[in-house]
Every structure is written in C-alpha cells, then in structure tokens.
Amino acid sequence: MAYVNENYLKLPGSYLFANIARKVNAFKQEHPDADIIRLGIGDVTLPLVPAVIEAIHRATDEMAKAETFRGYSPEQGYDFLIEKIIRHDYNSRGIELSKDEVFISDGAKSDTANMQEIFGPDNVVAVTDPVYPVYVDSNAMAGRLGDYDSKTGKWTNLVYLPCTAENNFIPALPDKKVDMIYLCYPNNPTGTTLTKEQLKEWVDYARENKAVILFDAAYEAYITQPEIPHSIYEIEGAKEVAIEFRSFSKNAGFTGTRCAYTVVPKSVKGYTKSGEAVELNALWNRRHSTKFNGVAYIVQRGAEAVYSEEGQRQIREVIAYYMENARIIREGLASSGLKVFGGVNSPYIWLKTPEGYDSWQFFDKLLNNAHVVGTPGVGFGPSGEGYFRLTAFGSRENTVKAIERIKSVRF
Ligand code: MLT
C-alpha cells in the first residue's frame with residue numbers, strides 16, 4: 001500500500017493565491033463584462049528590460065551553434081553570474097562572500113520552501129504573522145508544525161510573532177526558544193521594514209540560541225530610505241546565523257523567466273543531536289545538486305545583464321515606475337480616510353479594513369463594487385485579519401483607475 005504523507009491532509013484549503021483566483025473566476029463567469037483590475041498577487045506587469053532581452057537573444061544564438069552550445073549548467077549556477085552577484089549585491093556593501101556560498105536557482109519561492117529540508121523534523125519554527133504562506137505550508141508538509149486549528153487559524157507547534165499596527169509591525173523576540181526563524185524584509189505582505197538595530201536583535205537572539213534566520217530579501221530593490229539594510233549580512237554576526245534569499249523576479253521582472261539565488265555562508269551552522277556543528281552550506285549543496293539541475297544558460301545570461309550599466313539603469317526606471325504606483329495607492333487611499341502602511345520601501349500597500357469589514361468581506365466588497373482584486377490579509381495569517389494587501393505591480397492606468405474606483409465605494 002502506498003501511504004501518503006498525511007501532513008498534506010492537515011493543510012487548510014488551497015494555496016492562498018489559488019483560492020483568490022478561484023473566487024475571481026467565479027465572479028467573472030457571473031459578470032463576463034466586468035473590467036476586473038488585479039492588484040492581488042505580486043506579479044509584475046512591465047516587460048523584461050532591453051538589456052536583459054538582448055542578452056537572452058545572444059545566449060539563444062549561442063545555443064544554436066555546436067561550438068557555443070551548453071548542456072547542463074553547474075547546479076549551483078555559472079561563475080559569470082555568481083561573480084556579478086557577489087560584486088554588485090554584496091562587496092558594494094562591504095560584505096565578502098566566496099563563490100561557493102551563492103546558489104543560483106529558479107526562484108526564492110522554491111528555495112524558501114525547500115530550505116527546511118536540511119533541518120531536523122523537531123525544530124521549533126517561528127514566523128512573523130502575517131507571513132508569506134510558503135514558509136508555513138512547506139514546514140507543515142514536513143510535519144514540523146503539529147496540527148492546524150481552524151478556529152484560531154494557527155498551527156499548534158508554530159510560533160507566531162504578531163506584526164500589527166499596534167506594535168508598528170515590529171516583531172517581538174519569542175518568549176520561548178525557537179530554532180528556525182523566517183524573516184522577510186522589506187516585508188511581504190505588510191510592506192514594512194526593520195532598521196539595522198531591530199534586525200540586530202534577531203541576529204543576537206539567533207547567536208545566543210544557536211538558531212538560524214531564514215532571511216527573504218526578495219524585495220530589497222524597493223528600499224528607498226538609505227538607512228534601511230538591503231542584506232541581513234549588513235548586521236554584525238549575521239554571517240554566523242543567517243541564510244539569505246534573493247530573486248530577480250521583483251527587481252527585474254523575472255517572475256515568468258525564473259531566476260533567483262540563495263546565500264548560505266559556510267560559517268552558518270546547524271547541529272547534530274549530539275551537539276556537533278555541521279556546515280549548512282554543505283547540506284544545501286548536497287540537496288541542490290541532487291534535486292536541481294541548474295537554471296537555463298539563457299536565463300542566467302539574462303540575469304547577468306541586470307548587472308550591466310544599461311541593465312541597472314533600465315531596472316531602476318521600472319522600479320521607480322512601480323514605486324510611483326505605490327505612492328498613488330498609498331496617498332489615494334489615505335486621502336479617502338483608510339489607514340495605510342508600507343509602500344515606501346516596498347511594492348506592497350497594507351491597509352486596515354474599514355470598521356465592520358473583515359479581510360474577506362472587504363475582498364468581496366472591492367470585487368463586487370469596484371471590480372478590484374486585492375489579497376485578504378487573513379490569508380497571510382491570523383494577525384492579518386482586518387487588513388488587506390494591494391500591490392503596486394499593475395500598470396499605471398489600472399492603478400489610477402483602481403484607486404478612483406475604491407475611493408468611490410461607500411463602506
Ligand atoms: C505575492 O503576491 O505574495 C507574491 O507574488 C508571491 C510570490 O512571489 O511567490
């Protein structure tokens with residue numbers, strides 16, 4: 001008999017964004033003429049920049065000739081890309097990394113979901129709440145979270161670190177010992193950030209407790225305030241305790257092209273039950289080379305072009321375009337009396353739903369009355385109840401139209 005992994009049976013409903021898509025499709029069937037504006041899933045809408053497209057074309061031509069054709073990429077990625085990443089994203093901020101500490105992959109979603117595999121099954125996991133659902137669901141699938149309680153919307157063995165307007169979205173250190181800590185800054189979904197001093201508390205906690213921080217920096221390119229850290233390795237001691245995830249999806253429009261990277265410094269350790277220290281880099285390398293066969297050469301050349309002078313100039317323009325959308329959303333909603341957060345160092349705007357509406361009621365109201373799709377905050381965790389997320393990744397025209405429509409809805 002083929003037994004199933006029963007942890008899968010404990011998962012509530014479907015993946016958040018699949019759930020939303022289902023609701024929107026049902027609405028579309030009933031209202032085929034409705035002009036629906038989607039500011040729900042954080043997917044980009046502008047095309048890849050010319051520098052990237054040119055590099056992809058050149059690489060495609062290379063693949064057409066026997067002399068320049070490439071088969072399997074190294075599982076960890078090509079040196080030409082890794083070298084640019086280290087120089088541009090780390091050395092420029094005073095952070096030293098060696099090439100074998102960077103792993104090219106097809107996405108931060110898969111890496112953040114897969115990284116838990118190299119950790120033991122009885123580690124205690126902590127997440128900020130609300131949170132990107134992938135960290136939670138992947139640990140639930142591995143059996144690390146106990147049972148899901150549908151009344152509280154919580155997993156019995158997961159430590160939730162509430163981030164709400166009441167604490168300025170700054171998570172407090174846990175009151176029990178935790179081993180794996182997921183932090184995402186700039187934050188998805190709240191769009192908020194932590195200062196170096198606030199992050200340092202987490203690094204110190206991890207060092208004292210031999211814990212590991214899984215730091216998702218997928219949105220770092222959206223930071224506009226100079227004092228906000230772009231990498232956790234800007235914090236002293238972080239290279240002993242933190243793994244960092246980065247992506248080309250949000251900074252360079254690779255959501256459909258797929259390229260990302262993960263940094264696992266050799267100095268980050270996990271422990272055996274008998275207390276022996278083990279390099280997580282070696283474990284991740286083993287996992288990555290066993291289960292992954294590298295990102296397409298063509299795509300890695302496209303990602304490399306992001307670091308060219310032209311590429312940098314072009315992606316900055318795209319980011320500025322989305323951040324202008326963020327401003328339009330933030331200021332538009334605030335002027336209509338809604339309480340808004342984020343959107344300054346992040347493409348996400350997090351808003352408090354008006355009196356009398358929970359997250360899903362607000363979702364339905366916007367869909368029905370404004371034909372605008374956002375993401376219900378409670379879909380990101382229990383502390384997201386009463387909040388709602390909009391993304392700045394739409395077109396300018398749609399963003400302006402969506403905000404005008406929302407402003408005209410009576411709540
Ligand atoms: C989101 O909407 O939170 C993102 O699109 C999710 C992702 O990047 O996978």
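The values are calculated or read from the model by the stated rules, or taken from the named source; none is laboratory data. Since the structure is predicted, the reported quantities are computational estimates derived from the model, not experimental observations. Don't worry about glycine lacking a Cβ; one is built from the backbone with ideal geometry, like all the others, and counts go over all protein chains shown.
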If only one of V306, V340, V344 is without any contact (Cβ under 8 Å) to a residue 24 or more places away in the chain and either among the aliphatic types (A, V, I, L, M) or within 10 Å of A392 (Cα to Cα) (or both), which one is it? V340
Of the listed residues (K28, K23), the one being part of a helix (DSSP H, G or I), farther than 24 Å from K269 by Cβ and either modelled with pLDDT under 95 or within 16 Å of the ligand (Cβ to nearest atom) (or both) is K23
Of all residues in segment 31-47, which are part of a strand (DSSP E or B) and within 11 Å of the ligand (Cβ to nearest atom)? R38
Of (1) surrounded by 22 or more Cβ atoms within 10 Å (Cβ to Cβ); (2) touching a helix residue (DSSP H, G or I) at 6+ places or on another chain (Cβ under 6 Å); (3) not polar (S, T, N, Q), I298 fails just (1)
State which residue pairs qualify: first residue under 18 Å from R246 (Cβ atoms) and inside segment 98-126, second residue surrounded by fewer than 20 Cβ atoms within 10 Å (Cβ to Cβ) and aromatic (F, W, Y) in any location, beta carbons under 8 Å apart, and separation of 6 or more residues or different chains. I104/Y78; S105/F292; D106/F292
Selection count, segment 76-109, where residues are under 30 Å from L16 (Cα atoms) and polar (S, T, N, Q): 1
If you go through A320, A326, A402, A334, the only one that is of a type in the set (A, V, I, L, M), outside any strand (DSSP E or B) and within 15 Å of the ligand (Cβ to nearest atom) is A326
Residues of segment 236-260 satisfying the condition of being more than 20 Å from R316 (Cβ to Cβ) and not charged (D, E, K, R): G237, A238, V241, A242, I243, F245, G256
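Looking only at residues that are assigned to a loop (DSSP other than H, G, I, E, B) and in contact with a Lys or Arg (Cβ under 7 Å, 6 or more places away or on another chain) in segment 216-235, which one is farthest from the ligand (Cβ to nearest atom)? Step through it out loud before you land on a result.
Let us first name the residues in segment 216-235 that are assigned to a loop (DSSP other than H, G, I, E, B), namely 217-219, 223-231, 235.
Remaining after also requiring in contact with a Lys or Arg (Cβ under 7 Å, 6 or more places away or on another chain): 217-219, 229-231, 235.
On the way: A217: 13, A218: 7, Y219: 9, P229: 21, H230: 18, S231: 19, I235: 24 Å.
Ranking the qualifying residues of segment 216-235, first place goes to I235.
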Tabulated pairs, segment 246-274, first surrounded by fewer than 16 Cβ atoms within 10 Å (Cβ to Cβ), second assigned to a loop (DSSP other than H, G, I, E, B), C-beta under 7 angstrom, 6+ apart or interchain: Y271/K210
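Somewhere in segment 114-132, is a residue buried (at least 16 other Cβ atoms within 10 Å of the Cβ) and farther than 30 Å from G237 by Cβ?
Checked against the condition, which is being buried (at least 16 other Cβ atoms within 10 Å of the Cβ) and farther than 30 Å from G237 by Cβ, segment 114-132 yields no hits at all.
Looking at segment 378-399, which of its residues are farther than 17 Å from L161 by Cβ and within 18 Å of the chain's Cα centre (by Cα)?
Passing the criteria: G379, F388, R389, L390, T391, A392, F393, G394.
Counting only residues that are hydroxyl-bearing (S, T, Y), give me the helices (runs of 4 or more DSSP H) lying completely in segment 51-146 with at least 2 of them.
108-114, 133-141
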F103, sole failed condition from (1) aromatic (F, W, Y); (2) more than 16 Å from the ligand (Cβ to nearest atom); (3) modelled with pLDDT under 95: (3)
Criterion first (under 22 Å from the mean Cα position of the chain (by Cα), acidic (D, E), assigned by TED's automatic domain parsing to the domain that holds N19 and at pLDDT 95 or above) does E355 satisfy it? no
Check R313 against each of (1) within 23 Å of the chain's Cα centre (by Cα); (2) within 30 Å of D61 (Cα to Cα); (3) assigned to a helix (DSSP H, G or I) and name the one condition it does not meet. (1)
Please indicate, with yes or no, whether at least one residue in segment 297-306 is in a strand (DSSP E or B), of a type outside the set (G, A, S) and under 22 Å from A108 (Cβ atoms). no
Can you tell me how many residues within segment 357-399 are part of a helix (DSSP H, G or I), within 16 Å of the ligand (Cβ to nearest atom), within 18 Å of F27 (Cβ to Cβ) and of a type in the set (G, A, S)? 2
Qualifying residue in segment 74-83 (condition: at pLDDT 95 or above, within 16 Å of the ligand (Cβ to nearest atom) and either surrounded by 12 or more Cβ atoms within 10 Å (Cβ to Cβ) or charged (D, E, K, R) (or both)): no
